[in-house]
């Protein structure tokens, strides 16, 4: 009885502590690994000459992200549902703005950033967030029409085509894949007619194949991925070095800070290829820990969603599961790219890689998750949201 | 909220019915499978592909650095350096790590390296290469200025360059090293192992910009080469080369060689050849100049061979220096043995002094071929002198079983047998004090090596007395006299074999002698190849060079004169040339 009474007195507004700790753990690992992976570049770069250059910015982004997350947490999920259309519209406007020369900044041939003096905003990251908000609302709103191709499916399809068109103009193929997966995943969970879904899936795969084959730049990446050892100093350079990092890691890694690949061999070691550095320094054990943490996070997101579902809170349910799909698929894409399972895309590892917009939006997404859970707990205990 | 809370009228459309747990499980299953695929792939990379990936990694980061051992110094017997290594720098570039060089910097680089900007641009054009030599072996100061230009991707590397202070004087003796630092000729080649030392090794991981990250194996430090002290005396070497060169020029000869041996220890005090070359600058080096003739070339020694059959006859007590012999021409089968300046009879001393073919051959024919072969073989004809010098000739002495009598006769005066100058000079060591044949050595010895007793000391003394008459009035080599010293020697003039027959106008002029004759210290052997400046007789073409080298060497070594009263040289210019038999 003591146990029961103890539970009764626990604060009823508690966060999901395990989830919060898992996120804190990922962020801590991120701080250490971004520093480890960026130290050589930061120190050698003539423009910075400061080994803490990336770490300091990373800490700053994380702080901003936690602030934004705190803000997001304050809004009830109903707020997002009410403003879903507006959020999606803001995302679309930003995607259009970034394409305008003078506003959008070009890095490595892609126009993906809007320069805000102190900080480069990446609209595609905002679009991922907006897609979760909007797709969940759409699915709930149109749930009674989801068996209909014309009424249930066509509006969302048109919205997604617009997003796809804008993302491909940047181009940001990786973001497109994530956005599409989130949208289709939420539609699927929301109960879309299976025939429509299958048709959509076939169309999506066809479109992806066509996009790859018709673009020399993407085709090159795919070919480099098929056999990185065919041209390890050209097309396969980055991937071959990433694979070497995995191989060097063995069971327990070469030890923190001892990665050789991060010493100018592996490009983007602190952003898209941070997993390779983790693999090299912590080996298979490190990979299992990281993948395990993400798996737990995703499973938790779906659990929160199912709890909401049991409470007949359909929108928060889809919101939580949408966040789960987002994190899950992006983790898979990123680590898959690092390991040579998938062609190079230019996606960060959520909550881990260096990158301001991604970090802020990922933290905003987990704030949504925590908010849904918090609301679930309150409702279960009979409080109002 | 409006969408789901109020729409009760069409139950099938309720989200509650559409959002089935089955679909959630389905999505979770897909994500789970994808995550398991990641773990599976990690296992594959770390188990199946691990060796391959580790090797690929090592091929990219792991570098074995050579820690170059400093090559040993070669010195003469008194420590004077004859070959040493000085540090130089090599400029190299890694085009793969370079950005395009601004034209002004490129011009400056070209000016410093004394290359054309186009040449440099061409060398840097292959942007995949990570190592290109721009210029090798330049001075450290210049290298410092090149690196000081601050062009990324251009670096210097320390190397050693071999320097030979004595240049052409010791060229054949010392030899030289190739670009790889390995000995190619001469002592540099012969003693490669000792001089080279052992390069050290460091295995490191390097980052992509070439910085060393860490050592991945124990550092093997280099073992420097040892100092090699030669038996050469550089003062005598200079003298010998200078006099030889003068003799070759004066006699318009094709080539010449000289060897100075210490008659007591068998050490080589000097060895020189003309023509020579500058080992510090071998840009145009033809094989003719590069040949170490004194050791490699073999020739028929002519009359310089005669002391050996005579010594054999005296040793066997078949004759004494004063035994009179019939020296009229005589027939062996269809061939006649004759002297150009024939005399009906001579004593053995005169046979040496006048270099009589008839007398020498008659003494040789007192012995069966086998005995004569054994003696020639014992003094080292037909076998390598074991000097350790690369490519040394062993000469040619045919097996006695195939000797015909006329051949045995001609071999007594140096035809039908060929030797190198080194072999010939060494053979003369039996005429020093104790009648021992000494091994020759190019490295300094701390005492004489044990020799091989071939003739009695008394025989050796008698031979020297007879050979002293060669440089005295009436001898064939009066020009080989040395002021204050008695010189025992023998001249030789041999026709050269050209395509199997003896040429009428190609000769080798030789003089081999010992001094002081009463207690020999030095043996000097001089060969002048194809003299065309008038006389070609050994006494005339090689004698003066011998005299100058012998006189200078004895003075350098501070040898006490054994004929202090002999303070005038015979006026050789007035005297008729006493020509030996060819």
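The values are calculated or read from the model by the stated rules, or taken from the named source; none is laboratory data. Given the structure is predicted, the values throughout are model-derived calculations rather than measurements. Methodologically, a virtual Cβ is constructed for each residue, glycine included, from the backbone with ideal geometry; neighbour enumeration extends over all protein chains shown.
Of all positions in region A:355-362, at least one carries a residue that is in a loop (DSSP other than H, G, I, E, B), more than 10 Å from chain B (Cβ to nearest Cβ) and under 29 Å from residue A:261 (Cα atoms).
Of all residues in region A:332-349, those being touching a residue at least 24 places away in the same chain (Cβ under 8 Å) and either at the interface with chain B (Cβ under 8 Å from one of its Cβ atoms) or farther than 17 Å from residue B:39 by Cβ (or both) number 9.
Consider region B:299-345. How many of its residues are part of a strand (DSSP E or B) and either under 45 Å from the mean Cα position of the chain (by Cα) or outside the structural domain of residue B:495 (by the TED database) (or both)? Can you show your working first?
Of the residues in region B:299-345, the ones part of a strand (DSSP E or B) are B:299, B:324-326, B:330-332, B:335-337, B:345.
With the extra rule that they be either under 45 Å from the mean Cα position of the chain (by Cα) or outside the structural domain of residue B:495 (by the TED database) (or both), the set shrinks to B:299, B:332, B:335-337.
The qualifying residues number 5.
Looking at region A:163-187 only, could you name the residues that are away from chain B (no Cβ under 14 Å), in a helix (DSSP H, G or I) and over 16 Å from the mean Cα position of the chain (by Cα)? Talk me through it step by step, then tell me what you get.
Kept after step one, since they are away from chain B (no Cβ under 14 Å), are these residues of region A:163-187: A:163-176, A:179-180.
Now narrow it down to the ones that are in a helix (DSSP H, G or I): A:163-169, A:173-176, A:179-180.
If the condition is that a residue be away from chain B (no Cβ under 14 Å), in a helix (DSSP H, G or I) and over 16 Å from the mean Cα position of the chain (by Cα), then A:163, A:164, A:165, A:166, A:168, A:169 are the ones that fit.
Hey, can you tell me all the residues within region B:480-504 that are out of contact with any strand residue (DSSP E or B) (no Cβ under 9 Å at 6 or more places or on another chain) and either buried (at least 24 other Cβ atoms within 10 Å of the Cβ) or in a strand (DSSP E or B) (or both)? Scanning region B:480-504 gives B:481, B:501.
Do we have residue B:236 as in contact (Cβ under 8 Å) with a residue 60 or more places away in the chain and outside any helix (DSSP H, G or I) here? Full working, then the answer.
Numbers: in contact (Cβ under 8 Å) with a residue 60 or more places away in the chain: yes; outside any helix (DSSP H, G or I): no.
Answer is no for this residue.
Once region A:188-227 is narrowed to residues that are more than 10 Å from chain B (Cβ to nearest Cβ), in contact (Cβ under 8 Å) with a residue 40 or more places away in the chain and within 24 Å of residue A:318 (Cα to Cα), the residue that is farthest from the chain's Cα centre (by Cα) is A:196.
Only one of the listed residues (A:68, A:32) is more than 19 Å from residue A:361 (Cα to Cα) and modelled with pLDDT of 90 or more. That residue is A:32. Just one of (1) crowded, with 24+ Cβ neighbours inside 10 Å; (2) more than 23 Å from residue B:242 (Cβ to Cβ); (3) modelled with pLDDT under 90 fails for residue B:515. It is (2). Within 14 Å of chain A (Cβ to nearest Cβ) and surrounded by 17 or more Cβ atoms within 10 Å (Cβ to Cβ) - does that describe any residue in region B:71-94? Yes, because at least one residue in region B:71-94 is within 14 Å of chain A (Cβ to nearest Cβ) and surrounded by 17 or more Cβ atoms within 10 Å (Cβ to Cβ).
Tallying residues that are within 8 Å of chain B (Cβ to nearest Cβ) and farther than 17 Å from residue A:337 by Cα within region A:228-248 yields 2.
So is residue B:130 within 13 Å of another protein chain (Cβ to nearest Cβ), outside any helix (DSSP H, G or I) and over 22 Å from residue B:212 (Cβ atoms) or not? Spell out the reasoning first.
Values: within 13 Å of another protein chain (Cβ to nearest Cβ): yes; outside any helix (DSSP H, G or I): yes; over 22 Å from residue B:212 (Cβ atoms): no.
In short, no.
Of all the criteria given as (1) surrounded by 15 or more Cβ atoms within 10 Å (Cβ to Cβ); (2) closer than 13 Å to residue A:357 by Cβ; (3) in contact with a strand residue (DSSP E or B) (Cβ under 9 Å, 6 or more places away or on another chain), the one not satisfied by residue A:115 is (1).
Every residue, every condition in (1) surrounded by fewer than 18 Cβ atoms within 10 Å (Cβ to Cβ); (2) within 14 Å of chain A (Cβ to nearest Cβ); (3) within 30 Å of residue A:266 (Cβ to Cβ), yes or no:
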site	(1), (2), (3)
B:186	no, no, no
B:189	no, no, no
B:194	yes, no, no
B:197	yes, no, no
B:200	yes, no, no
B:207	yes, yes, yes
B:210	yes, yes, yes
B:218	yes, no, yes
B:225	no, no, no
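Of the residues making up region B:23-49, those that are surrounded by 15 or more Cβ atoms within 10 Å (Cβ to Cβ) and either within 60 Å of the chain's Cα centre (by Cα) or touching a residue at least 60 places away in the same chain (Cβ under 8 Å) (or both) are B:44, B:45, B:46, B:49.
As for region B:272-291, it holds no residue that is within 14 Å of chain A (Cβ to nearest Cβ), in contact with a strand residue (DSSP E or B) (Cβ under 8 Å, 6 or more places away or on another chain) and either surrounded by fewer than 21 Cβ atoms within 10 Å (Cβ to Cβ) or within 30 Å of residue B:507 (Cα to Cα) (or both).
Let's see how each residue does on (1) surrounded by fewer than 20 Cβ atoms within 10 Å (Cβ to Cβ); (2) within 7 Å of chain B (Cβ to nearest Cβ); (3) over 26 Å from residue A:259 (Cα atoms); (4) within 18 Å of the chain's Cα centre (by Cα):
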site: A:270; (1), (2), (3), (4): no, no, no, yes
site: A:273; (1), (2), (3), (4): no, no, no, yes
site: A:289; (1), (2), (3), (4): yes, no, no, no
site: A:293; (1), (2), (3), (4): yes, no, no, yes
site: A:308; (1), (2), (3), (4): no, no, yes, no
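Only one of the numbered conditions (1) outside any loop (DSSP other than H, G, I, E, B); (2) closer than 22 Å to residue A:349 by Cβ; (3) more than 11 Å from chain B (Cβ to nearest Cβ) is violated by residue A:255, and that is (1).
Residue count for region A:118-150 satisfying the condition of being more than 14 Å from chain B (Cβ to nearest Cβ), surrounded by fewer than 17 Cβ atoms within 10 Å (Cβ to Cβ) and free of Cβ contacts under 8 Å to residues at least 60 places away in the same chain: 3. Applying the condition of being assigned to a loop (DSSP other than H, G, I, E, B) and out of contact with any helix residue (DSSP H, G or I) (no Cβ under 9 Å at 6 or more places or on another chain) to region B:166-210 and asking which residue is modelled with the highest pLDDT yields B:191. Residues in region B:110-127 that are at pLDDT 85 or above and within 14 Å of chain A (Cβ to nearest Cβ): there are none. Pairing residues of region A:42-60 that are within 19 Å of residue A:119 (Cα to Cα) with residues that are modelled with pLDDT of 75 or more and loosely packed, with under 14 Cβ neighbours inside 10 Å, at Cβ distances under 7 Å and at least 6 apart in sequence or on separate chains, gives A:42/A:50.
Looking only at region B:414-456, residues that are out of contact with any strand residue (DSSP E or B) (no Cβ under 9 Å at 6 or more places or on another chain), over 20 Å from residue B:271 (Cβ atoms) and not in a loop (DSSP other than H, G, I, E, B) come to 0 in all.
Filter region B:45-70 for residues that are within 27 Å of residue B:128 (Cβ to Cβ) and outside any helix (DSSP H, G or I); which is nearest to the other protein chains (Cβ to nearest Cβ)? Out of the qualifying residues, it is B:49.
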